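Asker: Pasting a structure below so you can have a look.
The values are calculated or read from the model by the stated rules, or taken from the named source; none is laboratory data. Please read these numbers as outputs of a predicted model, since none were measured by experiment. Note that we place each Cβ from the backbone using ideal geometry, even for glycine, and neighbour counts take in every protein chain shown. Keep in mind that these areas ignore ligands, DNA and RNA; they rest on the heavy atoms of the full protein, side chains included. Shrake-Rupley method; radii C 1.70, N 1.55, O 1.52, S 1.80 Å.
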Amino acid sequence: MFNTNGENFMVIDQFIKDTLTREDSQLKGLITNLNENDIYWQPRSGSNSIGWIIWHMIRVEDMWIQFFSQKQTELWESENWYARFDLPKRGTGFQHTPEQVSDFPNLPINLVLEYGDAVRNNTLAYLQGLQNEDFYATPWADKPNMWWHDFSIINMFNQLLGELYQHLGQIAYISGLKNGFDAVPSEYGTPRS
């Protein structure tokens, strides 16, 4: 695509892909040097740990892409991730009580990230298959009783990207609370390219 001066500019799908790629890189950079105690440390009882936030981020992405956008079973269920984690088939952490957050198990972070990679690969494959007009489709328009019945695919990506980056900031903050300023990589907030 070109702007009015005839110069190339990024199309929606490439912007979303680049934003997701940067988010993944920043997430993995933030947790690279964290141990299990750091990942499941709670600033106080009932508050989110880094591990819980990462699990929640992945669950939400899986829900938005599989269930909302494609009306398919989430990978969490279809690939039996819930069984590997010994967690319920349903639930993304949305509306978890402080007790549920405190009782959340210390899942092996490498396995959580493996689930995350499967979800992200699915997201990128879905994104690659979209045409420009698909971004304005409302998959649930036929269900007026659903709160998201008039939510389009572009609205969904807007919501997803906003939430992912919000939680990324929370992870950086919690890491800094636990381990000090140096716990956050210097390139976290400053893009290099």
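Asker: Return one number: the angle in degrees, 0 to 90 and rounded to the nearest 10, between the long axis of the Cα atoms of helix 109-128 and the longest principal axis of the Cα atoms of the chain.
Answerer: The answer is roughly 10 degrees.
Asker: OK, next. Give, rounded to the nearest 20 debye, the magnitude of the charge dipole that segment 42-143 has about its Cα centre when Lys and Arg contribute +1 at Cβ and Asp and Glu contribute -1 at Cβ.
Answerer: Using only the charged Cβ atoms, the result is roughly 200 debye.
Asker: Could you work out how much longer the chain between A137 and E36 gets when fully extended? Use 0.36 nm per residue separation minus the Cα distance between them, nm to one decimal. Let's see the in-between values first.
Answerer: Details: separation 101, 0.36 × 101 = 36.36 nm, distance 4.16 nm.
Gain on stretching A137 to E36: 32.2 nm.
Asker: Calculate how steeply helix 153-179 sits against the longest principal axis of the alpha-carbon atoms of the chain, using the helix alpha-carbon long axis, and give the answer as 0 to 90 degrees to the nearest 10.
Answerer: Roughly 20 degrees, rounded to the nearest 10.
Asker: In addition: Please identify the chymotrypsin sites (Phe, Trp or Tyr not before Pro) of segment 127-158 that satisfy two criteria: DSSP loop assignment and at most 14 other Cβ atoms within 10 Å. Which are they?
Answerer: Working: sites: F135, Y136, W140, W147, W148, F151, F157; in loops: W140, W147, W148, F151.
Listed in order of number, the matching sites are W147.
Asker: Straight-line reach only, C-alpha to C-alpha below 21 angstrom: list the lysines that K17 could link to, leaving out same-chain residues fewer than 8 apart.
Answerer: K17 reaches K28.
Asker: Calculate, for segment 51-168, the solvent-accessible area per residue in square angstrom, rolling a 1.4 angstrom probe over the heavy atoms of the protein chains.
Answerer: 51
Asker: Between F94 and I12, how many nm apart are label points set 7 Å from Cα along the C-beta direction?
Answerer: For F94 paired with I12, the spin-label model returns 2.1 nm.
Asker: Out of Q170, Q70, Q100, any idea which swings most in a Gaussian network model of the chain, alpha carbons joined below 10 Å?
Answerer: Q100
Asker: Let me ask something else about it. With r defined as the distance between the Cβ atoms of M146 and D182 and R0 fixed at 45 Å, what FRET efficiency is calculated, to the nearest 0.05?
Answerer: Calculated transfer efficiency: 0.50.
Asker: In a Gaussian network model over the chain where Cα atoms closer than 10 Å are linked, find which of K71, K143, K89 has the largest mean-square fluctuation.
Answerer: Highest fluctuation of the listed residues: K143.
Asker: Please report, in debye to the nearest 20, how large the charge dipole of the chain is about its Cα centre when each Lys and Arg carries +1 at its beta carbon and each Asp and Glu carries -1 there.
Answerer: Taking the Cα centre of the chain as origin, the dipole is about 240 debye.
Asker: With the full set of protein chains in place, find how many percent of the accessible area of segment 1-101 is carbon and sulfur; take the probe as 1.4 Å.
Answerer: 49
Asker: Could I ask something else about it? Let me know the shape class of segment 94-193, please: from the alpha-carbon gyration tensor, a ≥ b ≥ c as square roots of the eigenvalues, rounded when a/c is under 1.5, otherwise prolate if a/b is greater than b/c, or oblate. Let's see the in-between values first.
Answerer: Values: a/c = 2.10, a/b = 1.53, b/c = 1.37.
It comes out prolate by the Cα gyration axes.
Asker: I've got another one for you. Excluding same-chain residues fewer than 8 positions from K143, which lysines have a Cα within less than 16 Å of its Cα?
Answerer: K71
Asker: Mind checking which aspartates and glutamates have their C-alpha under 15 Å from K178, skipping anything on the same chain fewer than 8 residues away?
Answerer: E36, D38
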